[in-house]
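Asks: Questions regarding the structure given below will be posed in turn.
Rule-based calculations on the coordinates, nothing more; no lab input. What you see is a predicted model; the values in this text were computed from it and never measured. Note that each Cβ is placed from the backbone with ideal geometry, even for glycine, and that neighbours are counted across all protein chains shown.
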């Protein structure tokens, strides 16, 4: 691969050029109009899949609502529920055959943190401490700037490893990817890939000598460059296996714009994206205003590259109600095209079969792209309508198009005027 042969300086120029080309060729522009809405036509047919020889095709999500499962460790009859899902992020090894029997087309991934020790393929608890790693691969341990403390993430003690070292990918392939391919998985789910160095990683020891690689600060260009390098090496290795696998990271923008060259380079070296932040910013608060618009555009740009976008929406509430479900669903429908699926839960409540009645709504397929009208965002479907007011502060009352009759997801007939509070969404069905 050209990537592996370039010097760091030439690599930066090459990545920037590649990213700009991707932006020009694949990003979808949002049309904002006043008065009558202008619809952007979308193709109902085409080839909405990455061409990965030997890898299972992603499910086409063009019609209605599509779901995926974030882990499955609290599902006790996986075969019985598999038909409801297109994809499992981190399927249990002992569930693979049962899930496949219930849904032959489902896409299954094996979970790894992208740069931390995760035990063995069949036993994730078989992790090793610092003493072990200093004895076996002392040059792999990633430390903070005090040169003593490993750059542990989330308070976990599974060892953070130097992902800039190409030898780490070789080890990950041998330890996790090869057995995953041999045991019926379709891809690798690489977790916690963030464009910010949130846990103060700083350097490594090589032959006993300290080598500082990062500043220890969250915003670090070298960190971002090394993320891209790991993705490029891992994707190439996964595609080259006897049983090729897709690479689908849990990717956090880290405050960068979706059009940033580094973000576009990450997307280029990924075969799909899990967005754990979603439209609820990982429970930090609903995305609003331009941030909401940019997230829809990111969904569009990933799918324009024929790659899947798996959208997680988490809520910090005791129970998820209609307002939360409709916010997540209406936002998802704005950016859903041929390869986007949805997951809704309370904060970190993963692993179980949690389905809401609203998922069954037969809204059909998109009639065009998202557009802005009467201050809110609309998207027309063959059997309904999605509406979102992403404003953080403003309430708007909008008037439905003359002659159109809709019911909400609960069977209530909707009048011509609808009041939409700040950061609210509605999914309506044709009456």
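Asks: Helix 322-335 against the longest principal axis of the chain: what's the angle in degrees, Cα atoms only, rounded to the nearest 10?
Replies: Rounded to the nearest ten degrees, it is 80.
Asks: So if each residue of separation counts as 0.36 nm, and I subtract the Cα-Cα distance between residue 76 and residue 257, what length gain in nm does that give?
Replies: So the extension gain works out to 61.1 nm.
Asks: To continue, here is another question. Using alpha-carbon pairs under 8 Å, 6+ residues apart, how would you state the relative contact order of region 56-364 in percent?
Replies: 20
Asks: Jot down the radius of gyration and Dmax of region 303-364, Cα atoms only, both in angstrom.
Replies: Every Cα atom of region 303-364 included, Rg and Dmax give 12.3, 38 Å.
Asks: Which value at 222 nm does the chain reach when only helices count, each DSSP H run of 4 or more adding -39,500 (n - 2.57), with the total divided by all residues and rounded to the nearest 500 deg cm²/dmol?
Replies: About -7500 deg cm²/dmol.
Asks: Please work out the Cα center distance from region 248-313 to region 205-222, rounded to the nearest Å.
Replies: One Cα centre to the other: 27 Å.
Asks: Given the chain, what percent of its DSSP beta bridges are antiparallel, to the nearest 5?
Replies: Of all bridge pairs located within the chain, approximately 50 percent are antiparallel.
Asks: Consider all pairwise Cα distances in the chain and report the whole-number % of them above 30 Å.
Replies: Roughly 44 percent, once rounded to a whole number.
Asks: Between residue 128 and residue 170, what is the spin-label point distance in nm, taking each point 7 Å from the Cα along the Cα→C-beta axis?
Replies: About 1.6 nm, to one decimal.
Asks: Between region 134-174 and region 349-379, how many Å separate their Cα centres?
Replies: Answer, in whole Å: 41.
Asks: Could you tell me whether region 166-223 comes out rounded, prolate or oblate from its Cα gyration tensor? Rule is a ≥ b ≥ c as square roots of the eigenvalues, rounded for a/c under 1.5, then prolate if a/b exceeds b/c, otherwise oblate.
Replies: Verdict is oblate for region 166-223.
Asks: So how many Å³ per residue does the convex hull of the Cα atoms of region 347-429 work out to?
Replies: That works out to 126 Å³ per residue.
Asks: So for the pair residue 147, residue 392, with labels modelled 7 Å out along Cα→Cβ, what separation do we get in nm?
Replies: In this crude label model, residue 147 to residue 392 measures out at 4.3 nm.
Asks: Mind pulling the angle between the C-alpha long axis of helix 289-304 and the longest principal axis of the chain? Nearest 10 degrees, somewhere in 0 to 90.
Replies: 70
Asks: Helix 8-26 versus the longest principal axis of the chain: what angle, 0 to 90°, nearest 10, using Cα atoms?
Replies: That works out to roughly 20 degrees.
Asks: By how many nm would the segment from residue 93 to residue 236 grow when fully extended, if each residue of separation counts as 0.36 nm and the alpha-carbon distance is taken off?
Replies: Residue separation times 0.36 nm, minus the Cα-Cα distance, leaves 49.1 nm.
Asks: How big is D, in µm² s⁻¹, for region 143-280 by Stokes-Einstein at 10 °C and 1.306 mPa s if Rh is the Kirkwood radius over C-alpha pairs?
Replies: Taking Rh from Cα pairs, D becomes 100 µm²/s.
Asks: Here's another thing I want to ask about it. Calculate, for residue 217 and residue 322, the FRET efficiency according to 1/(1 + (r/R0)^6) with r their C-beta to C-beta distance and R0 30 Å; round to the nearest 0.05.
Replies: 0.10
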